[in-house]
Amino acid sequence: MLSTHMQDVLRQLQDRFGEQRALVAPDELRAYECDGFTIEKGLPLAVVVPETTAEVQWVVQFFNTHGIPFVARGAGTCLSGGPTPNRDAVVIETARMKAVLDVDYDDMIAVVQPGLVNLHLTREVCGEHLHYAPDPSSQSVCTIGGNIAENSGGPHCFKYGMTTDHVLAVEVVLPDGRLAKFGHPSAARGPHELDLVGLFTGSEGTFGIATEITVRLSPDPECVYTMLASFQTMEAACGAVSSIVSAGIVPAALEILDQATIRAVEASVFRAGYPQDAAAVLLVELDGAELAVEEDAAEIRETFRTHDAIRVQEASDPEERTRLWKGRKGAFGAMGRLSTDLYVLDGVVPRTRLVETLQKVTEIGERHRVTLTNVFHAGDGNLHPNISFDGRDEDERARVLQAGHEILELCVAMGGSITGEHGVGSEKLSHVPLMFDDADLDTMERVRRVFNPRDLCNPGKAIPERSGCAEVSKWPAMVEHVLRQEEA
Amino acid sequence: MTDLPKAIDSYTKSLDCVHCGLCIEACPTYDVLGLETDSPRGRIYLMRALAEERIEDPYSIRPALDRCLGCRACETVCPSGVQYGQLIETVRSEMADRWPEKGLASRLRRFLLTHVVARQGRLRLAFRFAWLAERIGLRWLARKTGLLPATMDRLVPHVPAGRFRRSLAGLHKPKGEVRGRVQLFTGCVMEQVFGDINQKTLTLLLDNGFEVEVPKQQRCCGALHLHNGQASVTHGLARENIEAFSGDVPVIHNSAGCGAALAEYGEVLGDEDAERFSARCRDITAFLDDVGMSATPAPFPHRVAYDAPCHLCHAQKVRRAPSDLLRQVPDLELVQHPDSENCCGSAGIYNILQPELAGEIGRKKARHLIETGAEVVATGNPGCMMQIRAHLAECGSNSRVVHPIELLLADRDKS
């Protein structure tokens, strides 16, 4: 039961936003208790749906005054628990702030609201042969605001860089409700200023809420060519990737799907005609000037041959290319055909150690008796082992978590990282110390306190809470003291 | 969880969802409201929680479930193949039994659906009274006094004259060579409000060389009852229809909503007879596209937009046939309509139950249609025709709304 004070707070919220933009009934709030990472859940205190920057400010100030934590949410497709509420936080849903505010076709810049769907931006500007390059697999639903929070990647980020490489400026409602502007559309990250846009991007929603985002648009390449090769072994597929990259070719994307994934995809609406007898398929996309693409394609064809590809499909027309990609983009959801729940892991290893890592990942899966499939950005060495399981089975769930933990440890041991693009969220908090020591974490913690001194903005994410760090706990009071002096 | 929830039919279906969220943007209510509770993923999550007995007050999640249009656009994009339409209808039926909707309006709705819509004789009588009432100016009076709001007035069609409401029951033979035989499903409200379209469908089939049998004993398809959580009424109607349409010739229908319901008798009843019947049911456009038109349609020198009814494209997966047929009409220019497969907000009687949301979705559809520059909109579902007509008019457009088959006739003035 809520305290009278809380009830009063919620009543004020509903008075301000009405019942359809402020949900408070616990049963309805269930729908917000997790994102794409369903293992950990947290029921929010309320959900509020602002439509303007001013409303976001009002909400943040309101909850800041009451000392109630809050977390911004876009489409809820995050895979690490980023927007899952902790400590009864209030969810600030940005889905209604989805306008494209301005497009400068000459300078190739767009200003958008945070709730705009990634793919909708490309749809808006495609008439002028432009696109927004970062393409997470959920791009047809995920929002730009969420992409910024997580510094999302995607298949084409191998060549074009992650979200952070495409954000020029952000307008942010700081955790105390003030409005700040970082970066500048004409000179991103100029030498004269601190790179606050860089800091903000990937801060997993803990530094504030972006309400206006200026992004770089990219010109469509002159020519795009997609090749799909099937191999009898995973080793051969990974070998082909290494050969392609070491030959100096930079494809727009290099993706591998293993057999179990292929079969699930082929049984779904995203059926792409992937050969089901192959142990692995490698999806290569080339783009650029026509001559260069042709030259690279010829070399890649040769690579496929030397690595004993059993079948090669090629597509240059948009429709056929979309079909080849469709399977890859829908791979995650198609896993629903294997079991009731899915845990998508996100580890990175050096590309040269892919084969070795995958073998060990398979061993870990077998040891813990879990159903494990692999689909990954091979060019970046960014693995996505998918574990299908029945979340209602306590024992299976424990084995899944243990397997996941060991896989991430393995990635670090191989000289890699615990996350390539999904973020730490709440999912990988306990793995963070595998990569960073106390001094590293202290620094991160201090930076966060500068933006978010009271830890009300998406608490309990990205940086693990550590005990015995006296200096860190002193920080909020100090920062507030300094800020108050400045204001006075 | 050690204590497994009760085995409810729908529960297993809800487990197919792995929460990827690729469906949410396809959902018309999520598009307007921006709420997870009003998205397919959110609704599935709530239905699963209900089955797992994690919902304390089922009445509090009811509005979110009731706001679902049942358009099934989410099924088209779902990589896991979640059978959302069947899932929500089963849950609605369970909820209607265990947590019945309160209030006079819902009781009245259930009464009308069970005792009037499901009984063709009474429905015909009701429409005769409605026609009389309109003739003596009662509708005009209701509008003037505000009893019938203007938005509703635009939506509710006028009752056509008696000759357009007559049953077509019997065997009809084509003039020339016979290519084959079919049975025609004429629907309940369809017969009374869109009788002319039934007549045109009949003419079109005859013109194309088909013998048409219209079984006299046929009944309402039961779709509205199923949407309203009255599964048992639907089951009864389904059995009667299966009996009325005995034989093995194709059963042709011209209303996407009814067609989707007929196609699911097999799934709903779960027996072989029903499955065989469902497999025989074909939308008129899908059927004609398959067999090919032998009678060339009359020229139609206009810009036409094809708007796909959800229950045709998402539920029956009939996507290309209507446009392919329209392209065969001489002089007809089929315009690009990217919004074609998005719901118009009609959704059975949704536009009467949820007028605000349906209005918002309808206006959006009208705006997109106006942008296409079409003079005529073709869509193969009576509910969609009424909804689109009303919202085009509201947005100041005078584009006509027709059923695609109206444009396929060899002699449009004849029937």
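Here are the numbers:
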{"read-out": "Gyration tensor verdict on region B:70-189 (Cα atoms; rounded if a/c is under 1.5, prolate if a/b is larger than b/c, oblate otherwise)", "value": "oblate"}
{"read-out": "Chain A - mean residue ellipticity at 222 nm from DSSP helices (-39,500 (n - 2.57) per run, n ≥ 4, rounded to 500)", "value": "-11000 deg cm²/dmol"}
{"read-out": "Positive-pole candidate from B:Ala133, B:Met152, B:Gln120, dipole of region B:104-162, charges at beta carbon", "value": "B:Gln120"}
{"read-out": "Cα long-axis angle, helix B:355-372 against chain B (0 to 90 degrees, to the nearest 10)", "value": "50"}
{"read-out": "Angle in degrees between helix B:120-135 and the longest Cα principal axis of chain B, rounded to the nearest 10", "value": "70"}
{"read-out": "Principal-axis tilt of helix B:84-98 within chain B, Cα atoms, nearest 10 degrees", "value": "60"}
{"read-out": "Neighbour-count order for A:Arg328, B:Arg320, B:Arg389, fewest beta carbons within 10 angstrom listed first", "value": "B:Arg320, B:Arg389, A:Arg328"}
{"read-out": "Gyration tensor (alpha-carbon) shape descriptor, region A:191-343, a/c threshold 1.5", "value": "oblate"}
{"read-out": "Under-5 Å amide H pairs with B:Leu334, H placed in peptide plane, nonlocal only", "value": "B:Val304"}
{"read-out": "Shielding by other protein chains, B:21-33, mean Cβ within 10 Å", "value": "5"}
{"read-out": "Cα centroid of region B:141-220 to Cα centroid of region A:32-85, whole Å", "value": "52"}
{"read-out": "Region A:223-333 - charge dipole about Cα centre, Lys and Arg +1 at Cβ, Asp and Glu -1, debye rounded to 20", "value": "540"}
{"read-out": "Signed unit charges on C-beta, dipole axis of chain B, positive-most listed residue B:Leu392, B:Cys23, B:Thr372", "value": "B:Leu392"}
{"read-out": "Within 10 Å of each Cβ in B:59-65, the average number of Cβ atoms from other chains", "value": "3"}
{"read-out": "Cleavage-rule hits (GluC sites (Glu not before Pro)) in region A:222-262: DSSP loop, at most 16 neighbouring Cβ within 10 angstrom", "value": "A:Glu222"}
{"read-out": "Fraction in percent of alpha-carbon pairs per bin - 10 Å, the protein assembly as shown", "value": "2, 11, 20, 23, 20, 14, 7, 3, 1, 0"}
{"read-out": "Helix-derived mean residue ellipticity, 222 nm - over chain B, DSSP H n ≥ 4, -39500 (n - 2.57), to 500", "value": "-13500 deg cm²/dmol"}
{"read-out": "Region A:356-407: GluC sites (Glu not before Pro) falling in loop per DSSP and having at most 10 other Cβ within 10 Å", "value": "none"}
{"read-out": "Sorted by Cβ neighbour density within 10 Å, fewest at the top, the residues A:Tyr343, A:Tyr105", "value": "A:Tyr105, A:Tyr343"}
{"read-out": "Relative frequency of Cα-Cα separations exceeding 34 Å in chain A, percent", "value": "37"}
{"read-out": "Positive-end residue, chain A charge dipole about Cα centroid, Cβ charges, pick of A:Val412, A:Ala236, A:Thr214", "value": "A:Val412"}
{"read-out": "Förster radius 30 Å - calculated FRET efficiency between A:Arg369 and A:Gln276 (Cβ-Cβ, nearest 0.05)", "value": "0.75"}
{"read-out": "Net dipole in debye of the protein assembly as shown [+1 Lys, Arg Cβ; -1 Asp, Glu Cβ; about Cα centre; nearest 20]", "value": "4420"}
{"read-out": "Segments B:31-37, B:376-382, A:156-162 sorted - mean Cβ within 10 Å per residue, highest first", "value": "B:376-382, B:31-37, A:156-162"}
{"read-out": "Residue order, fewest to most beta carbons within 10 Å, for A:Ser268, A:Ser316", "value": "A:Ser316, A:Ser268"}
{"read-out": "Fraction of the pair-distance distribution of chain B above 42 Å, Cα-Cα pairs, percent", "value": "11"}
{"read-out": "Peptide-level mean, for A:28-38, of C-beta atoms on other protein chains within 10 Å", "value": "6"}
{"read-out": "Unit charges on C-beta of K, R, D, E only; dipole of region B:295-407, Debye", "value": "160"}
{"read-out": "DSSP beta bridge pairing in the protein assembly as shown, given as percent antiparallel to the nearest 5", "value": "70"}
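Just so you know, all these numbers are worked out from the coordinates, no wet-lab data involved. Keep in mind that this is a model prediction, so the values were computed, not measured. Note: ideal-geometry Cβ built from the backbone for every residue, glycine included; neighbour counts use all protein chains shown.
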